[in-house]
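Trainee: Pasting in a structure now, in structure tokens, and then I'll have a few things to ask.
Just so it is clear, none of the values below were taken in a lab; they were calculated from the coordinates. Note that the coordinates shown come from a computational prediction; the quantities given were computed from them, not determined experimentally. Every residue, glycine as well, gets a Cβ built from its backbone with ideal geometry; the counts of neighbours run over all protein chains shown.
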Amino acid sequence: MAKERFLFFLSLLIIGVIAACSAKPAASPAPSESPTEEISATPMPVSPVSDECIACHTDKQRLIDTSAPVVEAEGESKGVG
């Protein structure tokens, strides 16, 4: 009896997985012919935060000063063993 019940639930699980995998995805809406907003020819203003990022990443001395020290790993041929 327990074996039959197990096979029944296993069959339901397999059927459910197959049904879920074979379901068709929802259709996406068709693109409209006209654009929703005009594209401007003027560039977007740069925020002060991104200016600081660019300044930090392009300053070579600041990058050297704030970098982590180089740690040389011990080779596999050295040590006990």
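Trainee: Taking R0 as 30 Å, what's the FRET efficiency between Ser50 and Val70 from their Cβ-Cβ distance, rounded to 0.05?
Mentor: My answer for the efficiency is 0.50.
Trainee: Work through the residues other than Ser67 whose Cβ is under 13 Å from its Cβ and net out their charges, Lys, Arg +1 and Asp, Glu -1.
Mentor: 0
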